[in-house]
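S.K.: So that we are looking at the same thing, I have put the structure below in structure tokens.
The values are calculated or read from the model by the stated rules, or taken from the named source; none is laboratory data. As the structure is a prediction and not an experimental result, all values here were calculated from the model. In this analysis, Cβ positions are derived from the backbone assuming ideal geometry, glycine residues included, and neighbour counts consider all displayed protein chains. These accessible areas exclude ligands, DNA and RNA; they are computed on the full protein's heavy atoms, side chains included. Shrake-Rupley method; radii C 1.70, N 1.55, O 1.52, S 1.80 Å.
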Amino acid sequence: MAEPTVLGYIKEQPERLKYVFENKDVFVKPFVDVFTKNNIKKVIFFGSGTSYNVSILGTYYFKHLVGIDAEYQYPTVFKNYEKADWSGLLKKDEILYVGISQSGTSISTCEVMKYAQQEGYHTLAITGNLNSEITKYVDTKVHLLVGDELTPPETKGYTTSVISVYLWAVECAHVTGKMSDAEYEKALDDTKKLVDQFQTVVDESEAWYDRNRTTIVNSDRLYFLGYGIDVATAIEAQLKVGEMLRLPALGYEIEEYSHGPTMAISKKQSICIIGSDEAEFEHSVDFSKSFKKYTDRVHFITCKDLGNDPRDCVFSVKTNKYLAPLMFTVPFQFVAAKGAKDIGIDTAINPFNENLAHYKD
């Protein structure tokens, strides 16, 4: 039997996302039960690494779709320096702590959930292992339907987690009346259409990497720029490329990149702009034109119509801005995993042997 690889898991995503959508009641129903029965008015998402980036999206979804207060936090920073409600206007039983941990062994996330439970807040964890450490410290455990992902960098774990928190938000918006029956049915239909076409997303992402591999893997530095909902995608790209390709990788909100980091721009830097269907889209196109005066290695990742520049990844699959992050992360998964393979890095070997982030299985 062949050894599992990151590239194998990347290419498994179309099948896995279909499975997740078809079995959505497994993870949606327990979340919605907690949310509605307790009249939750604020959700705080916790996670580290990839799970932190999912938390950014979860916060966006619950604010914009459900219309309630939500925030994302680094677990240890929150535990030591923050409060669930600085205003003092919310009761503890109106706040839900959500821990995201694919393995269920993230030390920092387990610790903050343990703290929250001791303090009397509602606690819920979504994890791929319902017998893992994190489940000891939560009132409700929810199954992340990721299946096995035995290589260290998480790829299908990210997309599986994103679609899970999105469907939580859609269902909560519907049951609370923030989303009409027609809007709800459309949201589910849009999700099904995307997962049914996800093989095209994977194929077009790999083809984009293959067209641009020479300059990408020979970059001095890679920047990933997003705005609105896809700041999370930029940060996830930074993480995956840093983990696997192991070149200097930085993720920025696109406006922030123009406030200083542009002083370091050079011809051997690659800049990837994630073009979401948000207010800044046209502005980001103008930014890309400016960046191209200094480096030819400017790439636009979008499903909006943009032209036929081979440097860009313009998906033929179209979807709404809430689901687009599922698509837009895939090109960067190939940059990370296939790029590493192209320059001789074995991503199955972790060169850092200190066990600082996770409890031992």
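S.K.: Cβ-Cβ below 8 Å, separation at least six or inter-chain, first residue in the stretch 210-234 and over 19 Å from SER288 (Cβ atoms), second open to solvent by 40 Å² or more (accessible area, probe 1.4 Å) and in a helix (DSSP H, G or I): which pairs?
M.R.: Partner pairs satisfying both residue conditions: ARG213/ASP342; VAL217/ASP342.
S.K.: Residues of the stretch 246-273 being open to solvent by 40 Å² or more (accessible area, probe 1.4 Å), farther than 12 Å from VAL298 by Cβ and either in a strand (DSSP E or B) or among the charged types (D, E, K, R) (or both), which ones?
M.R.: Once the filter is applied, which keeps residues that are open to solvent by 40 Å² or more (accessible area, probe 1.4 Å), farther than 12 Å from VAL298 by Cβ and either in a strand (DSSP E or B) or among the charged types (D, E, K, R) (or both), the stretch 246-273 yields ARG246, LEU250, TYR252, GLU253, GLU255, GLU256, LYS268.
S.K.: Moving on. Sort out which residues of the stretch 1-33 are surrounded by 15 or more Cβ atoms within 10 Å (Cβ to Cβ) and polar (S, T, N, Q), and write them in order of number.
M.R.: Within the stretch 1-33, THR5, GLN13 qualify.
S.K.: Which of (1) loosely packed, with under 15 Cβ neighbours inside 10 Å; (2) modelled with pLDDT under 95 is the odd one out, the single condition THR36 does not satisfy?
M.R.: (2)
S.K.: Tell me the residue from THR295, THR302, THR347 that is of a type outside the set (D, E, K, R), under 30 Å from ILE163 (Cβ atoms) and touching a Lys or Arg at 6+ places or on another chain (Cβ under 9 Å), please.
M.R.: From the options THR295, THR302, THR347, the qualifying one is THR347.
S.K.: Restricting to the stretch 207-230, count the residues that are out of contact with any Gly (no Cβ under 8 Å at 6 or more places or on another chain), assigned to a helix (DSSP H, G or I) and open to solvent by 30 Å² or more (accessible area, probe 1.4 Å).
M.R.: Within the stretch 207-230, residues that are out of contact with any Gly (no Cβ under 8 Å at 6 or more places or on another chain), assigned to a helix (DSSP H, G or I) and open to solvent by 30 Å² or more (accessible area, probe 1.4 Å) number 6.
S.K.: When you check TYR121 against the structure, is it within 19 Å of the chain's Cα centre (by Cα) and more than 30 Å from GLU12 (Cα to Cα), yes or no?
M.R.: Answer is no for this residue.
S.K.: Has the stretch 65-77 got any residue that is under 21 Å from VAL20 (Cα atoms), in a loop (DSSP other than H, G, I, E, B) and either of a type in the set (A, V, I, L, M, F, W, C) or modelled with pLDDT of 95 or more (or both)?
M.R.: Looking through the stretch 65-77, none of the residues is under 21 Å from VAL20 (Cα atoms), in a loop (DSSP other than H, G, I, E, B) and either of a type in the set (A, V, I, L, M, F, W, C) or modelled with pLDDT of 95 or more (or both).
S.K.: Which residues, taken from the stretch 304-361, are closer than 23 Å to LYS156 by Cβ and among the charged types (D, E, K, R)?
M.R.: Within the stretch 304-361, LYS318, LYS321, LYS338, LYS341, ASP342, ASP346, ASP361 qualify.
S.K.: What number of residues within the stretch 1-44 satisfy the criterion of being without any contact (Cβ under 8 Å) to a residue 60 or more places away in the chain and β-branched (Val, Ile, Thr)?
M.R.: 2
S.K.: In addition: Taking the stretch 274-301 as the region of interest, how many residues are surrounded by fewer than 20 Cβ atoms within 10 Å (Cβ to Cβ), more than 24 Å from the chain's Cα centre (by Cα) and in contact (Cβ under 8 Å) with a residue 24 or more places away in the chain?
M.R.: 3
S.K.: Across the stretch 60-96, what is the total count of residues that are of a type outside the set (A, V, I, L, M), in contact with a helix residue (DSSP H, G or I) (Cβ under 8 Å, 6 or more places away or on another chain) and farther than 21 Å from VAL170 by Cβ?
M.R.: Residues that pass the stated criteria total 7.
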